[in-house]
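K.L.:
Pasting in a structure now, in structure tokens, and then I'll have a few things to ask.
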Amino acid sequence: MAAEGARLRAMTASDLDAVLPIQRDGAVEGLRDVFSQELHPFPTDTIRQRWAEEIADPAIDCFVLLDADGEIAGFAATRNHELLHFGTALRTWGSGFASSAHDAVLDHLRSQGHRQASLRVFEGNHRGRRFYDTHGWTPTGYRTCSAFAPNSVLLTCTKTLVALVQRVAAYGVARQDDAVLLVRVASTSRGGGGLWMLPGGGIEHGESPEEAVVRELTEETGYDVVVERLLDVGSDHRTLRDGTDYHGVFAAYEVAVVGGTMRDEVAGSTDKVEWIPLSRLADLPMLGGFRELLGRWLSATDPG
């Protein structure tokens with residue numbers, strides 16, 4: 001089967017006749033080192049009853065996983081931030097369908113406002129543990145035992161759903177007659193591609209903000225600058241395209257160009273530098289709080 005995207009649909013009791021064979025076949029194949037089918041055969045009736053109770057429980061979200069043809073090809077259930085159950089049909093194994101389904105379930109958890117997810121996986125489920133390891137789940141060291149004989153060990157794993165990143169940066173405001181020096185965010189950047197901003201960037205360890213803005217201006221514009229004064233301190237809070245919850249705190253300095261030659265940054269976070277006429281700023285697509293910062297600066301320098 002070729003890799004196809006998975007879609008989630010709320011599970012109903014009428015889906016169980018399709019779900020249980022998928023779950024049973026996956027357990028027999030994938031959990032053979034955990035449950036001996038001779039001694040501990042798959043408890044179909046018990047699992048059916050558990051599903052019925054979970055479907056009826058408003059605190060649990062139960063899903064069937066649909067393939068490209070709309071056929072049931074797996075199952076999942078979540079409770080609060082926990083991935084309770086997850087499995088796909090044997091016919092999908094190795095196709096990439098499970099990865100697509102996994103991502104869809106995590107998107108559901110994110111949509112519920114959860115920043116971290118947890119799950120439990122059998123210690124002897126080597127295929128499952130490789131899958132979760134590949135997809136960024138981390139064992140916590142916490143161990144419990146299954147309620148089903150032979151009461152095998154379950155390992156708790158967690159995964160960060162929304163990374164929290166805070167960055168401290170310094171930016172420079174350079175003016176030339178009725179234009180201000182701006183750079184455009186590269187399309188390869190994690191967020192804000194195509195938007196304009198002040199030249200500048202992150203402050204490196206041990207570096208002062210003034211040193212950072214001089215270095216960054218040279219890297220992104222080709223100009224040599226000197227810092228004249230601190231203009232403002234601002235912040236930029238947004239979600240990057242990879243889901244990261246980004247919070248930038250920055251200092252903006254008025255700078256003067258004293259040398260160098262203007263040129264675009266190559267293979268960096270920006271891809272174009274330009275002197276932008278002040279008359280264009282109102283309609284220019286800009287990143288974060290830079291428009292407001294420039295507005296405050298212009299109001300202070302050109303009060304009339």
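K.L.:
Out of everything in region 106-120 that is part of a helix (DSSP H, G or I) and out of contact with any Lys or Arg (no Cβ under 8 Å at 6 or more places or on another chain), what residue ends up being surrounded by the fewest Cβ atoms within 10 Å (Cβ to Cβ)?
P.N.:
Among residues in region 106-120 that are part of a helix (DSSP H, G or I) and out of contact with any Lys or Arg (no Cβ under 8 Å at 6 or more places or on another chain), the one surrounded by the fewest Cβ atoms within 10 Å (Cβ to Cβ) is Ser111.
K.L.:
Report yes if some residue within region 226-238 is under 17 Å from Tyr171 (Cβ atoms), polar (S, T, N, Q) and open to solvent by less than 50 Å² (accessible area, probe 1.4 Å); otherwise report no.
P.N.:
no
K.L.:
I'd like the full set of residues that are of a type in the set (Gly, Ala, Ser) and open to solvent by 70 Å² or more (accessible area, probe 1.4 Å), limited to region 198-225.
P.N.:
Scanning region 198-225 gives a single hit, Gly206.
K.L.:
Let me ask another. For region 192-212, does any single residue satisfy the condition of being in contact (Cβ under 8 Å) with a residue 12 or more places away in the chain, out of contact with any strand residue (DSSP E or B) (no Cβ under 7 Å at 6 or more places or on another chain) and of a type outside the set (Phe, Trp, Tyr)?
P.N.:
Looking for residues that are in contact (Cβ under 8 Å) with a residue 12 or more places away in the chain, out of contact with any strand residue (DSSP E or B) (no Cβ under 7 Å at 6 or more places or on another chain) and of a type outside the set (Phe, Trp, Tyr), one finds none in region 192-212, hence no.
K.L.:
Can you tell me which residue among Asp69, Asp57 is open to solvent by 70 Å² or more (accessible area, probe 1.4 Å), more than 23 Å from Arg129 (Cα to Cα) and under 33 Å from the mean Cα position of the chain (by Cα)?
P.N.:
Asp69
K.L.:
In this structure, is Val249 part of a strand (DSSP E or B), in contact (Cβ under 8 Å) with a residue 24 or more places away in the chain and surrounded by fewer than 17 Cβ atoms within 10 Å (Cβ to Cβ)?
P.N.:
When the stated conditions are applied, Val249 passes them.
The values are calculated or read from the model by the stated rules, or taken from the named source; none is laboratory data. Keep in mind the model is a prediction, meaning the values are calculated, not measured. Please note: Cβ atoms are built from the backbone with ideal geometry, for glycine as well, and neighbour counts cover all protein chains shown. Ligands, DNA and RNA are stripped out before the accessible areas are found, and what is left, the full protein with its side chains, is counted by its heavy atoms. Shrake-Rupley method; radii C 1.70, N 1.55, O 1.52, S 1.80 Å.
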